[in-house]
Amino acid sequence: EDQVTQSPEALRLQEGESSSLNCSYTVSGLRGLFWYRQDPGKGPEFLFTLYSAGEEKEKERLKATLTKKESFLHITAPKPEDSATYLCAVQGSQGGSEKLVFGKGTKLTVNP
Amino acid sequence: NAGVTQTPKFQVLKTGQSMTLQCAQDMNHNSMYWYRQDPGMGLRLIYYSASEGTTDKGEVPNGYNVSRLNKREFSLRLESAAPSQTSVYFCASSERWDRGRDTFGSGTRLTVV
């Protein structure tokens with residue numbers, strides 16, 4: 001069974017204090033790993049797709065990386081507006097191609 | 001603005017009542033999805049529609065039914081609501097070839113008392 005574990009559950013940073021969020025996964029045949037941002041009272045917003053180990057994607061202060069067992073979302077010099085819950089999801093090759101398995105998320109708070 | 005629109009945003013039901021959650025997208029996506037999000041759990045797929053005219057069960061379909069009314073609209077029906085169905089429900093759409101790059105609605109917060 002495909003599984004996704006995100007850590008830490010919550011993270012508090014000072015503005016400008018860089019850090020990383022972790023997404024560990026087990027999946028039968030990775031078809032894609034996805035990162036989303038979710039603001040309170042809103043639906044998730046797509047950030048990145050990673051397909052194979054070694055791949056990296058960047059967007060502003062965010063950089064996502066992928067290994068065969070985990071993905072990291074690196075946040076460089078965060079700002080208060082980066083505060084949100086970050087979700088990780090995987091799509092495996094079994095159990096139907098439509099199914100994404102989501103982690104529980106990491107709630108990031110960036111203090112000014 | 002292009003996107004996914006869900007109605008209603010909030011709803012309180014009594015146990016045993018029925019209701020339909022509405023979802024519409026204007027991005028011409030073929031695939032649409034219904035998820036539920038509960039505290040301490042990840043998003044879970046209830047039902048999906050890979051294309052107009054087709055629907056399939058996801059991970060947690062019991063107690064729900066769906067209708068893909070046309071390419072734009074995908075509704076979720078609770079026939080006899082139970083307290084265990086208290087949750088936040090999200091509709092999403094995507095192109096099937098670009099699975100994961102889903103566009104989500106803003107959600108319906110449902111409380112069953």
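The values are calculated or read from the model by the stated rules, or taken from the named source; none is laboratory data. Just so you know, these numbers come straight off a predicted model, no measurement behind them. Don't worry about glycine lacking a Cβ; one is built from the backbone with ideal geometry, like all the others, and counts go over all protein chains shown. Only protein heavy atoms, including side chains, enter the accessible area calculation; ligands, DNA and RNA are left aside. Shrake-Rupley method; radii C 1.70, N 1.55, O 1.52, S 1.80 Å.
Work out the FRET efficiency for B:Ala2 and B:Leu69 from their Cβ-Cβ distance, taking R0 = 30 Å, and round it to the nearest 0.05. Could you put the intermediate results ahead of the total?
Values: r = 19 Å, r/R0 = 0.64.
E(calc), rounded to 0.05, equals 0.95.
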Ignoring ligands, DNA and RNA, what percent of the accessible area of chain B is carbon or sulfur (1.4 Å)?
47 percent
Please report the carbon-and-sulfur percent of the accessible area for segment A:29-112; probe 1.4 Å, protein heavy atoms only, DNA, RNA and ligands left out.
48 percent
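Once the other residues with Cβ under 14 Å from the Cβ of A:Gly43 are scored (Lys, Arg +1; Asp, Glu -1), what is the net sum? The partial results should precede the final answer.
Working: positive: A:Arg37, A:Lys42, B:Lys9, B:Arg36, B:Arg101, B:Arg109; negative: A:Asp39, A:Glu45, B:Asp102.
That sum, taken over residues with Cβ under 14 Å, equals +3.
Under a 1.4 Å probe, what is the accessible area of chain B per residue, stated in Å²? Before the final figure, lay out each step's value.
Working: 5280 Å² over 113 residues.
Per-residue value: 47 Å².
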For the modelled label position 7 Å from the Cα of B:Thr20 along Cα-to-Cβ, which residues of segment B:71-104 have backbone nitrogen atoms closer than 14 Å?
B:73-79
In Å² (nearest 100), what accessible area is buried between B and A, both sides summed, heavy protein atoms only, 1.4 Å probe?
1600 Å²
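Can you tell me how much longer the chain between A:Glu45 and A:Ser7 gets when fully stretched, taken as 0.36 nm per residue apart minus their C-alpha distance, in nm with one decimal? Intermediate values should be presented prior to the final figure.
Details: separation 38, 0.36 × 38 = 13.68 nm, distance 1.94 nm.
That works out to 11.7 nm of additional length.
Between A:Ser20 and B:Lys9, take the C-beta separation as r, use R0 = 41 Å, and let me know the FRET efficiency to the nearest 0.05. If you can, show how the numbers build up before the last one.
Values: r = 34 Å, r/R0 = 0.84.
Taking R0 as 41 Å, the efficiency between A:Ser20 and B:Lys9 is 0.75.
Please compute the length gained on full extension between A:Glu60 and A:Lys107, using 0.36 nm multiplied by the number of residues separating them and subtracting their Cα-Cα distance.
Working: separation 47, 0.36 × 47 = 16.92 nm, distance 1.91 nm.
The A:Glu60-A:Lys107 span can extend by a further 15.0 nm.
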Local charge sum around A:Asn22 (other residues, Cβ-Cβ under 15 Å, Lys/Arg +1, Asp/Glu -1)?
+3
When Cβ neighbours within 10 Å are restricted to other protein chains, what is their mean count per residue of peptide A:101-108?
3
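Enter the mean number of other protein chain beta carbons within 10 Å of the beta carbon of each residue in A:26-38, as an integer. Working shown, then result.
On the way: counts 0, 0, 0, 0, 0, 2, 4, 1, 4, 1, 5, 0, 5.
Partner Cβ neighbours, averaged per residue: 2.
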From the phi of every residue in segment A:33-39, what ³J(HN,Hα) in whole Hz does the Karplus formula 6.51 cos²θ - 1.76 cosθ + 1.60 yield, where θ is phi - 60° and glycine or proline is x?
10, 10, 10, 10, 10, 10, 8
By the mean-Cβ-within-10 Å protection proxy, highest first, A:31-38, B:84-91 rank as A:31-38, B:84-91
Just how far, in whole angstrom, is segment B:1-56 from segment A:36-112 if you go by their alpha carbon centroids?
22 Å
In order through segment A:6-23: 3J(HN,Hα) via Karplus (6.51 cos²θ - 1.76 cosθ + 1.60), integer Hz, x for Gly, Pro:
10, 9, x, 5, 9, 9, 10, 10, 8, 3, x, 8, 6, 6, 9, 9, 10, 9
Taking N as the number of residues in segment B:57-99, what value does Rg over Cα atoms divided by 2.2 N^0.38 Å take?
1.33
Descending packing, highest mean Cβ count within 10 Å first, for B:71-77, B:53-59 is B:71-77, B:53-59
Radius of gyration and maximum dimension Dmax of chain A, Cα, Å
13.6, 44
Under 10 Å from the Cβ of A:Lys79, count the other residues' Cβ atoms, weight Lys and Arg +1, Asp and Glu -1, and hand me the total.
-3
Heavy-atom accessible area per residue, segment A:8-112, 1.4 Å probe: how many Å²?
48 Å²
Please average, across the residues of B:103-112, the number of beta carbons from any other chain that are within 10 Å of each residue's own beta carbon, and give a whole number.
2
